[in-house]
Amino acid sequence: MNLSPWLIRAAPALGLGLLLTFSSSIGQTYFISLFAGQLRQELGLSHGSFGWIYATATLLSALALAWVGKLADHSSVTTVAIGSLVVLACCALLMAGSTTWWMLAIALFGLRLGGQGLLSHLALTAVARWFDRGRGRALGIAALGFSIGEAFLPPVVASLLILSTWREIWVGIAVCFLAVLVPISAWLGEEIRKLGPEDLDVTKLASSNTARVSWTRRQVLKDNRFYALLPGVLAPSFIITGILFHQVHLAELKGWTLTEFAACYPIFAASTTAVSLTCGWLVDRYGTARLLPFYLIPLGLGLALVAASSSIFAAAIFMFLMGATAGGATIVLGALWAELYGTDHLGAIRSLTVTLMVIATAIAPWLLGTLIDQGVSLNWQLFAMAFYTLACALWFAILWPSLSGDVEPYFASENRRT
């Protein structure tokens, strides 16, 4: 298929997906943590109390997403997107005006639910449903918003903090969302609605699983394959969040300066971008089941390397390999549930898996920190996580035959009733 006409005709849908993944940045850990020092100082919070508030807000947002995420199945994508952007703008204003811990907690809950949770979920669900033949490439392009945010927002915020206060920055974020992102989202939504039959033939922009029965979330919860996949599916979220949350301790343990380690972040973003795009093409060519055993291997090798070496070059290679798994996970897992269970109830199914991932990101910093406090060296934890990750890759290879073919839901009659 000629890529240029495909990109032109699919541009509105791809553009909205990319815009939403980029907008989700303000609810991600790496973005919020940029303001941690100022928040603790002005609100009189200790490291522990701030971490407790953040973890609680994250867990509650994960539970809420299991219910809110079903909006992706029953409501207009544009309507939900605009509503989410407006709510995020309000949360940004609340963050700017926070003077007590409970105001901060509410703001963090909204940012985590709307940003890390709903916008990411909505973007990847919509793109996975809209695109059939080019699903992998479409997900790769939409996921570029994550990498753009990771590469550019931290240095921009760091520069702005020199020129203005953190409260002014959050007010500016709210203004940008309302004055720029909301109108652009509305315009892209209108362009998507204008797509005609000739565009649908090129992009396969439709809820197109007509040849097979789509599973409901209740049926998925009765499928043994779903539970067999979870240990490996949740591993990247848990491990990457846990390590980045404790990056200062890791740098101290290895004898690196924080500046040296932070300089490796562009490598992480570049690797994520390159692998996302490559993996999208591979998904379209070979399917997700064949790729599952491979996307965890870079993370496992990187963990073993950084555990065994104190060289700053090992840190750079580790960030590259970790970025490769992060980019692969976004695409492979974005397409996996659509291929396994169809797209009619994809929002409800993905909201369940995203909820579990968010819970994993909330538990990881606490668990790794507790083990460190109990005298378990981070090096030994890295070795253990490397072994676990590579074991999950092997487990995926064993599962592959059960994932590569269509399987009817156990209660197909229920699906017809719904």
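The values are calculated or read from the model by the stated rules, or taken from the named source; none is laboratory data. As the structure is a computational prediction, the values presented were derived from the model and not from experiment. Note that each Cβ is placed from the backbone with ideal geometry, even for glycine, and that neighbours are counted across all protein chains shown. Just so you know, the surface numbers come from the protein's heavy atoms only, side chains and all, with ligands and any DNA or RNA stripped out. Shrake-Rupley method; radii C 1.70, N 1.55, O 1.52, S 1.80 Å.
3J(HN,Hα) along the range 96-104: 4, x, 5, 10, 9, 5, 6, 5, 4 Hz, from the Karplus curve 6.51 cos²θ - 1.76 cosθ + 1.60 with θ = phi - 60°, whole Hz, x for Gly and Pro. Dipole magnitude for the chain: computed about the Cα centre from +1 point charges on Lys and Arg Cβ and -1 point charges on Asp and Glu Cβ, it is near 580 debye.
Stretched out fully, how many nm does the piece from Ala274 to Glu191 gain, at 0.36 nm a residue minus the Cα gap?
On the way: separation 83, 0.36 × 83 = 29.88 nm, distance 2.83 nm.
Fully extending the segment from Ala274 to Glu191 adds 27.1 nm.
The listed peptides 357-368, 389-400, ordered by packing as a protection proxy, come out as 357-368, 389-400 (highest mean of other Cβ atoms within 10 Å first).
Within the accessible area of the chain, the carbon and sulfur atoms contribute 69%, probe 1.4 Å, all protein chains present.
Considering only protein heavy atoms, with the full assembly of protein chains and a 1.4 angstrom probe, order Leu403, Leu18 by accessible area, largest first. Each step should come with its number before you reach the end.
On the way: Leu403 15, Leu18 50 Å².
Sorted descending by solvent-accessible area, the residues read Leu18, Leu403.
Distance between the C-alpha centers of the range 271-292 and the range 328-385? Whole Å please. First find each Cα centre; the distance between them is then 19 Å.
Which stretch or stretches of the range 248-277 have amide N atoms under 15 Å from the point lying 7 Å from Ala151's Cα along the Cα→Cβ direction? Of the residues in the range 248-277, 264-277 have backbone N under 15 Å from the label point off Ala151. For the chain, modelled as a GNM whose springs connect Cα atoms under 10 angstrom apart, the maximal fluctuation among Ala96, Ala158, Ala123 occurs at Ala158. For the range 338-344, 3J(HN,Hα) computed residue by residue from phi via the Karplus equation (6.51, -1.76, 1.60; θ = phi - 60°) reads 5, 6, 6, 10, x, 10, 4 Hz, glycine and proline entered as x. In whole percent, what relative contact order does the range 89-166 give with Cα contacts below 8 Å and a gap of six or more residues? For the range 89-166, the relative contact order is 19 percent. Under a Gaussian network description of the chain, with springs only between Cα atoms under 10 Å, the residue in His246, His121, His345 that fluctuates furthest is His246.
Peptide packing for 306-314, 289-297 was compared via the average number of neighbouring C-beta atoms within 10 Å per residue; ordered from the highest value, the list is 289-297, 306-314. When the Gaussian network model of the chain links Cα atoms closer than 10 Å, the mean-square fluctuations of Asp132, Asp284, Asp373 top out at Asp373. Within the range 59-82, which residues have the backbone N less than 18 Å from the label spot 7 Å out from Trp101 along Cα→beta-carbon, could you tell me? Answer for this model: 59-60. Computed over the chain, the per-residue total of -39500 (n - 2.57) for DSSP H runs of n ≥ 4 gives a 222 nm mean residue ellipticity of -25500 deg cm²/dmol, rounded to 500.
Note: relative contact order over the chain, using C-alpha pairs below 8 Å and six or more positions apart, is 25 percent. For the range 73-116, the solvent-accessible area with a 1.4 angstrom probe is 37 square angstrom per residue. Remark: the range 372-387, residue by residue, has Karplus-estimated 3J(HN,Hα) of 4, 4, 7, x, 7, 4, 4, 4, 5, 5, 5, 4, 5, 5, 5, 4 Hz, where x stands for each Gly or Pro and the curve is 6.51 cos²θ - 1.76 cosθ + 1.60 at θ = phi - 60°. Relative contact order, whole percent, for the range 220-366 stands at 38, derived from Cα pairs under 8 Å and 6 or more residues apart. For the set Phe261, Phe245, the ranking by accessible area, highest first and with no ligand, DNA or RNA atoms included, is Phe245, Phe261 under a 1.4 Å probe.
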